[in-house]
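As structure tokens, the structure follows; a few thoughts come after it.
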Amino acid sequence: MKVSGIILIAGNSSRYKKNYNKNFENLGNKKVFEYSIDAFNSNSQIDDIILVVKKEEFKIVQQIIDNKKIDKPLKIVVGGNSRNESVYNAINETNSDIVIIQDGARPLIKQSFINNCIESILYDNIYGVSTAVKSKDTIKLTDTNNIVLSSTNRNSSWIVQTPQCFNREVLINSYKNIKNFESITDDCAILEKNSYKVKLIAGDYTNIKITTPEDILIASAFIK
């Protein structure tokens, strides 16, 4: 079974509020997204890497890649106008049996996350898997006026992370069946809307996503 690792860095970083891509922020001695490349590159189960970038950032990413020692084949793919379009572009650039999708803005990815996701696809008779952590807090669902509609059961509430892993054929066919992507924020939801079961496996509370500037300080502390 061939596995492709997909890393997404084509987002707009609108919540980062620094007028540049948060994936290019320095963290330790690397750019944020380099941690995901290094994690995939050192994992024996991953055969190749696909890096999804903005068209206008293609050259700067290529320069960073050219200065790294990467043992696996790496392809840079131009993303779309949304996360969903970027993923779809990437999965069309590979014929692998399995794709594992990672947010480049999650620099604290661990080898166990990668291995557990892939092994669950291989051995659990399931087509979609996501790393996730149990919610520490009660989550309220509201209407557009912030009026509470319901409260979730904390014992069964999870916060979804990446990496997420999929049978590629099932994922690409599920994408083709979706007409409206407006409410979809991760690839597991693509399978859910196509009536496939998705499994959550335990991640780690350190596996944060760089979203706002203070997240760099938190990630730096974890790395140290």
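The values are calculated or read from the model by the stated rules, or taken from the named source; none is laboratory data. All figures in this text were calculated on a predicted structure; none of them were measured in a lab. Note: ideal-geometry Cβ built from the backbone for every residue, glycine included; neighbour counts use all protein chains shown. Heads up: the accessible areas ignore ligands, DNA and RNA and are worked out on the full protein's heavy atoms, side chains in. Shrake-Rupley method; radii C 1.70, N 1.55, O 1.52, S 1.80 Å.
Which members of region 140-177 meet the condition of being free of Cβ contacts under 8 Å to residues at least 24 places away in the same chain and open to solvent by less than 60 Å² (accessible area, probe 1.4 Å)?
Residues satisfying the conditions are ASP143, SER150, THR152, SER157, SER174.
Take the residues of region 185-224 that are more than 15 Å from ALA105 (Cα to Cα), assigned to a helix (DSSP H, G or I) and of a type in the set (Gly, Ala, Ser): which is least open to solvent (accessible area, probe 1.4 Å)?
ALA189
Out of (1) in contact with a strand residue (DSSP E or B) (Cβ under 7 Å, 6 or more places away or on another chain); (2) surrounded by fewer than 22 Cβ atoms within 10 Å (Cβ to Cβ), the odd one out for ALA10 is which?
Evaluating ALA10 over (1) in contact with a strand residue (DSSP E or B) (Cβ under 7 Å, 6 or more places away or on another chain); (2) surrounded by fewer than 22 Cβ atoms within 10 Å (Cβ to Cβ) leaves (2) as the failure.
Return the total of residues in region 14-29 being touching a residue at least 40 places away in the same chain (Cβ under 8 Å), open to solvent by 10 Å² or more (accessible area, probe 1.4 Å) and touching a helix residue (DSSP H, G or I) at 6+ places or on another chain (Cβ under 9 Å).
The qualifying residues number 4.
Which residue, of LYS22, LYS18, LYS72, is at pLDDT 95 or above and of a type in the set (D, E, K, R)?
LYS72
When region 114-125 is examined, which residues are found to be closer than 13 Å to LYS199 by Cα and either assigned to a helix (DSSP H, G or I) or within 15 Å of the chain's Cα centre (by Cα) (or both)?
Scanning region 114-125 gives ASN116, CYS117, ILE118, GLU119, SER120, ILE121, LEU122, TYR123.
Filter region 62-113 for residues that are in a loop (DSSP other than H, G, I, E, B) and of a type in the set (Lys, Arg); which is surrounded by the most Cβ atoms within 10 Å (Cβ to Cβ)?
Looking at the filtered set, the residue picked out is ARG106.
Only one of SER135, SER130, SER82 is out of contact with any helix residue (DSSP H, G or I) (no Cβ under 9 Å at 6 or more places or on another chain) and either farther than 24 Å from TYR16 by Cβ or of a type in the set (Gly, Ala, Ser) (or both); which?
Within the list SER135, SER130, SER82, the selection yields SER82.
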